[in-house]
Amino acid sequence: MKENCLKSVFAALIIAWSMVSCNILNPGPVPEDIVGDTPGELQSKIGEILDQAGTDSTKVEFAEINTGFQYKPDDNLATVQIQIISPDDKNKMLQYDWSDMKDRRNHYERFELTVATSVSNDVIDTYEGYKDMLFTYDDVRVYLDNLPVYCKEALDASGYKDKGYISSFSIAKDDVLISVHHKDGNISKTYRISKDGGHIVIPE
């Protein structure tokens, strides 16, 4: 019962308002793939975002980590999003977003989150209320390190061949998912990652 409750709480995270945004000059080339398909790439981006938040991976507790990519000819969009406990107040949860596209390069935003139960919509506004949905960087290090492997496995398993691309990768407390999208059609496939973090799980 406790586990189901936590999952419903996590699903009801709500963006309340935007707090900060900034653009960095000389951002480099427009993204061509998801952040994380090469070794160390997602870890580096998480480090940059945590630096914006005034903390680092040895101190922070996460509620979720997401990296995404949307393919559009000449207008690709790459995103990385983390939800963390505020470094200044453990009873607040924050979301930091990074995005990069042709017309808005290397963009950062911060949001304050409201956590509520999905059934009764009761607000949970204390660390004690949502601590069981949190994880540390070390808890998910294996998933971050092995993301390039998952990308290759998911693309191969999808059967989309050169028309496929990794569209999302997400980490929550008890669930890690990776999705492949088809460039020419509105179709996709999603795979869970094995509990040991070794490989994707291909449905039978």
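The values are calculated or read from the model by the stated rules, or taken from the named source; none is laboratory data. No experiment lies behind these values; they were computed from the predicted model shown. Counting neighbours? That spans all protein chains shown, and the Cβs are built from the backbone with ideal geometry, glycine included. For the accessible areas, the whole protein counts, side chains as well, though only heavy atoms, and no ligand, DNA or RNA atoms are used. Shrake-Rupley method; radii C 1.70, N 1.55, O 1.52, S 1.80 Å.
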Legend entry - Filter result for residue 142 (touching an Asp or Glu at 6+ places or on another chain (Cβ under 9 Å), surrounded by fewer than 19 Cβ atoms within 10 Å (Cβ to Cβ), among the aliphatic types (A, V, I, L, M) and free of Cβ contacts under 8 Å to residues at least 60 places away in the same chain): yes
Inset, instruction - Hand me the list of strands (runs of 3 or more DSSP E) wholly inside region 148-204 holding 3 or more residues that are aromatic (Phe, Trp, Tyr), at positive phi and open to solvent by less than 80 Å² (accessible area, probe 1.4 Å). - result: none
Legend entry - Answer from 42, 13, 94, 50 - the residue that is modelled with pLDDT under 85 and out of contact with any His (no Cβ under 9 Å at 6 or more places or on another chain): 13
Legend entry - One residue from 125, 138 being farther than 26 Å from residue 73 by Cα and out of contact with any strand residue (DSSP E or B) (no Cβ under 9 Å at 6 or more places or on another chain): 138
Inset, instruction - Residue by residue through region 45-71, note down the ones that are within 28 Å of residue 125 (Cβ to Cβ) and either open to solvent by 20 Å² or more (accessible area, probe 1.4 Å) or assigned to a loop (DSSP other than H, G, I, E, B) (or both). - result: 51, 52, 54, 55, 56, 57, 58, 59, 60, 61, 64, 66
Inset, instruction - Scan region 122-139 for residues that are exposed (fewer than 15 other Cβ atoms within 10 Å of the Cβ) and under 18 Å from the mean Cα position of the chain (by Cα) and jot them down. - result: 136, 138, 139
Legend entry - Test result for residue 115, open to solvent by less than 20 Å² (accessible area, probe 1.4 Å) and at pLDDT 95 or above: no
Inset, instruction - For region 147-169, state whether one or more residues are out of contact with any strand residue (DSSP E or B) (no Cβ under 7 Å at 6 or more places or on another chain) and within 16 Å of residue 81 (Cβ to Cβ). - result: no
Inset, instruction - Working carefully through the options 97, 103, 74, find the one that is under 13 Å from the mean Cα position of the chain (by Cα), open to solvent by 20 Å² or more (accessible area, probe 1.4 Å), closer than 30 Å to residue 163 by Cβ and not basic (Lys, Arg). - result: 97
